[in-house]
Amino acid sequence: MIKLYGSKMTSAFRCHLLLKEMGVPFEEVPIDLSKGEHKSEAFLKLNPNGKVPCMVEGDFILWESMAINRYLTHKYQPALLGNSPEQAALIDQWSYWAILSVQPHLFNLFLSKEAAIIEQSKAALSPMHQILDNHLAGKTYMLGDNFTLADINVGSVILVNMLVKNDISAFSNIGQWVQTLFARPSFQ
Ligand SMILES: N[C@@H](CCC(=O)N[C@@H](CS)C(=O)NCC(=O)O)C(=O)O
């Protein structure tokens, strides 16, 4: 049985979403960050970075949420990686974009109390949301008609806007896509 360390309120969220989407059974191992459980000796043996998520399947240990999601998809539902090398590459492109370019600014909105940092992050996010909104025009999902791992990986980042109460209602294509995602049992 797969063990997933980290709660849904962390970067483990996208791994939870994917496992639910694929219907793969797993055990959620809560790691209380407020109690420093991610820095415990036992957890550092699994992930020396002291961060969640971490996945353990048998004697295979994997950390970094995007790597975990790619592994799980490849193993359990490769159709979610699209139907060509090009589609798989586009899934990677959007996944890296979301976690490397977008997420740091959303984390700033979540963690920072400094008005200047918050304003800078909001200003940086706006053109990125515009890029995504333009991309989603006329599409149901990130890659077109079919739901793929890109929807989970990018969706899990974009939904942080709701958590930090960053208004993205001006981006109507993103809004429509988010509603489509929310209709899926895994996202519910
Ligand atoms: N790039 C990593 C980020 C992991 C990460 O930053 N996790 C946070 C929770 S969202 C964490 O464990 N923070 C604890 C710490 O940094 O001490 C991933 O996507 O897995």
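No value in this document is a laboratory result; all are computed from the given coordinates. It should be emphasised that the depicted structure is a prediction, and the values quoted were computed from it without experimental measurement. Don't worry about glycine lacking a Cβ; one is built from the backbone with ideal geometry, like all the others, and counts go over all protein chains shown.
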Lone unmet requirement of (1) more than 18 Å from F13 (Cα to Cα); (2) surrounded by fewer than 17 Cβ atoms within 10 Å (Cβ to Cβ) for I168: (2)
Which listed residue, of S84, S112, is among the hydroxyl-bearing types (S, T, Y), without any contact (Cβ under 8 Å) to a residue 40 or more places away in the chain and over 30 Å from E57 (Cα atoms): S112
Selected residue (only one of Q179, Q130, Q120 is more than 15 Å from the chain's Cα centre (by Cα) and under 18 Å from R14 (Cα atoms)): Q179
Of all residues making up segment 43-58, the number that are away from the ligand (no atom under 15 Å from the Cβ) and among the small types (G, A, S): 1
Condition check for V56: not in a strand (DSSP E or B) and not polar (S, T, N, Q): no
Within segment 1-25, tally of residues that are surrounded by fewer than 17 Cβ atoms within 10 Å (Cβ to Cβ) and in contact with a strand residue (DSSP E or B) (Cβ under 6 Å, 6 or more places away or on another chain): 2
Qualifying residues in segment 2-18 (those that are within 11 Å of the ligand (Cβ to nearest atom) and more than 10 Å from the chain's Cα centre (by Cα)) - the one nearest to L44 (Cα to Cα): Y5
Matching residues, segment 133-164, being part of a loop (DSSP other than H, G, I, E, B) and not polar (S, T, N, Q): A137, G138, K139, M142, L143, D145, F147, L159, V164
Whichever residue in segment 35-48 is surrounded by 12 or more Cβ atoms within 10 Å (Cβ to Cβ) and not charged (D, E, K, R) and, among such residues, is farthest from P25 (Cα to Cα): S40
Residue that is farthest from D151 (Cα to Cα) [pool: residues in segment 19-33 that are outside any helix (DSSP H, G or I) and within 15 Å of the ligand (Cβ to nearest atom)]: D32
Residues satisfying the stated conditions in segment 74-105, i.e. among the small types (G, A, S) and within 15 Å of the chain's Cα centre (by Cα): S95, A98, S101
Pair list, Cβ < 8 Å and 6+ apart or interchain, from segment 155-177 residues that are without any contact (Cβ under 8 Å) to a residue 24 or more places away in the chain to residues that are assigned to a helix (DSSP H, G or I) and of a type in the set (G, A, S): S169/G175
Residues of segment 133-164 satisfying the condition of being of a type in the set (D, E) and either crowded, with 18+ Cβ neighbours inside 10 Å or under 13 Å from G175 (Cβ atoms) (or both): D133, D151
